[in-house]
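Some notes on the structure that comes next.
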Amino acid sequence: MTADHLAEAGSVEARLKRYQVYDEVNAPYLRWQLDQFEPYLGKRVLEVGCGVGAILAQLGERDFVMGVDIEPELAELTRKRFAGQPGHEFASLDISSLSTAMHRELKEHRFDTVVCINVLEHIDDHSAAVRTMADLLVPGGVLALLVPAHPALFGPYDVIDGHFRRYTKAALRTVLLGAGLEVVQLHRFNSVGAIGWWVQFKLLRRDKQTQGDYRLMQTLVPFLKAVEGRVKPPVGLSLVAVARKPPRPSS
């Protein structure tokens with residue numbers, strides 16, 4: 001193996017380790033995100049952008065779970081993490097550009113839920129991605145989607161993190177309706193996070209988050225859960241959307 005190959009392997013390993021540490025530190029916040037969709041989650045779940053499996057690990061018992069990610073290293077790491085657990089499959093693919101064979105194979109799994117958390121903003125052709133996710137659902141199935149909110153918050157950190165955009169409610173609704181989905185819920189999420197994001201990445205123009213930032217967020221989660229569980233905020237770091245594929249018309 002050449003020096004360049006060794007350096008590349010080390011870089012990939014270091015990046016995967018960062019993802020794992022992030023998800024461990026951020027577990028309470030990830031749980032709060034997933035809680036937004038809990039009443040709608042079914043038994044046959046596809047997660048788009050599964051990363052290192054942090055969301056999948058919190059799904060609980062399901063009949064079948066599949067995680068897909070565009071990065072082969074992430075898909076393989078997560079496959080190993082869940083090795084030996086029945087009813088789990090993993091694949092590396094681009095949800096916005098599936099081959100006909102892969103599309104058919106995924107559709108055969110008859111997913112009643114697609115979960116996509118903080119992923120759609122990384123996809124250039126997000127409309128194609130949402131149309132594919134909608135098509136993979138059985139009639140009556142649900143797309144559970146969380147994306148960054150407020151285009152005014154878009155800054156250098158979004159670019160570094162690979163974001164193509166942040167969303168308004170109107171823009172996200174248009175994408176969902178364009179995929180033939182019915183919007184069941186659409187609300188802002190994490191008001192304090194939006195303020196913190198503006199201060200750090202717009203006002204101070206920082207270009208990275210630290211473990212300290214994540215840990216501070218975790219201490220605020222119980223308070224935010226209590227408040228936003230009663231009243232949805234007028235501003236938020238993210239948008240939460242639940243969209244349903246229309247049931248098949250009765251004959």
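The values are calculated or read from the model by the stated rules, or taken from the named source; none is laboratory data. Every value quoted in this text rests on a predicted model; they were computed, and no experiment measured them. We place every Cβ from the backbone using ideal geometry, glycine too, and count neighbours over all the protein chains shown.
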*asked:* Could you list, ordered by first residue, the pairs with Cβ atoms under 9 Å in which the first is in the stretch 92-106 and over 19 Å from Ser127 (Cα atoms) and the second is in a loop (DSSP other than H, G, I, E, B), at least 6 apart or interchain?
replied: Ser92/Ile70; Ser92/Glu71
*For the stretch 148-160, enumerate the residues that are touching a residue at least 24 places away in the same chain (Cβ under 8 Å) and surrounded by 15 or more Cβ atoms within 10 Å (Cβ to Cβ).*
Pro148, Ala149, His150, Leu153, Gly155, Tyr157, Asp158
*Does Gly180 qualify as being closer than 24 Å to Asp23 by Cβ and either modelled with pLDDT under 95 or surrounded by fewer than 18 Cβ atoms within 10 Å (Cβ to Cβ) (or both)?*
no
_Test: residue in the stretch 167-183 that is assigned to a strand (DSSP E or B) and free of Cβ contacts under 8 Å to residues at least 60 places away in the same chain_ = no
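For (1) more than 15 Å from the chain's Cα centre (by Cα); (2) in a loop (DSSP other than H, G, I, E, B), each residue gets a yes or a no:
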| position | (1), (2) |
| --- | --- |
| Cys50 | no, yes |
| Gly53 | no, yes |
| Leu77 | yes, no |
| Pro86 | yes, yes |
| Phe90 | yes, no |
| Ile95 | no, yes |
| His109 | yes, yes |
| Glu121 | no, no |
| Ser127 | yes, no |
*Give the stretch 209-251 a look and list any residue that's of a type outside the set (A, V, I, L, M, F, W, C), modelled with pLDDT under 90 and more than 21 Å from the chain's Cα centre (by Cα), or say none.*
Gly212, Thr219, Pro222, Arg248, Pro249, Ser250, Ser251
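For Leu136, state whether it is over 26 Å from Pro234 (Cβ atoms), in contact with a helix residue (DSSP H, G or I) (Cβ under 6 Å, 6 or more places away or on another chain) and surrounded by 15 or more Cβ atoms within 10 Å (Cβ to Cβ).
Spelling it out, Leu136 is indeed over 26 Å from Pro234 (Cβ atoms), in contact with a helix residue (DSSP H, G or I) (Cβ under 6 Å, 6 or more places away or on another chain) and surrounded by 15 or more Cβ atoms within 10 Å (Cβ to Cβ).
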